[in-house]
Amino acid sequence: MSGRPTRYRTRELLSPRQREVIALIARGRSNAEIAAELGIGFESVKTHVSEILAKFGVDSRAEAVVAWRAQGQSSGPMRRWIGTLLAGTAAR
């Protein structure tokens, strides 16, 4: 087994909050914007981003988004949930 997470393993490893963070990263949000949208501290966002990068085995936010999308993280029920989340923030 390689050191890189598999599709199943990565999906299971991301916490619900990390899935929210990666969805907002995919929308081009900065750490400060993510903190404001989720109502959490800037340092907490930095920690989530670092953990996401480690779990995907990548070095950048862009690589994490590519890996997340390639593994189907933004499809089906998750895509609908993210759409609902983001629609609510757009209405603000």
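Fully extending the segment from residue 66 to residue 51, taken as 0.36 nm per residue of separation minus the present Cα-Cα distance, adds 3.8 nm.
A crude spin-label estimate for the pair residue 59 and residue 44, with each label 7 Å from Cα along the Cβ direction, gives 3.1 nm.
Each value in this text was obtained by applying a stated rule to the coordinates, not by laboratory testing. Bear in mind that the values here come from a model prediction, so they are computed numbers and not experimental data. With ideal geometry, Cβ positions are generated from the backbone for all residues, glycine too; neighbour counts draw on all protein chains shown.
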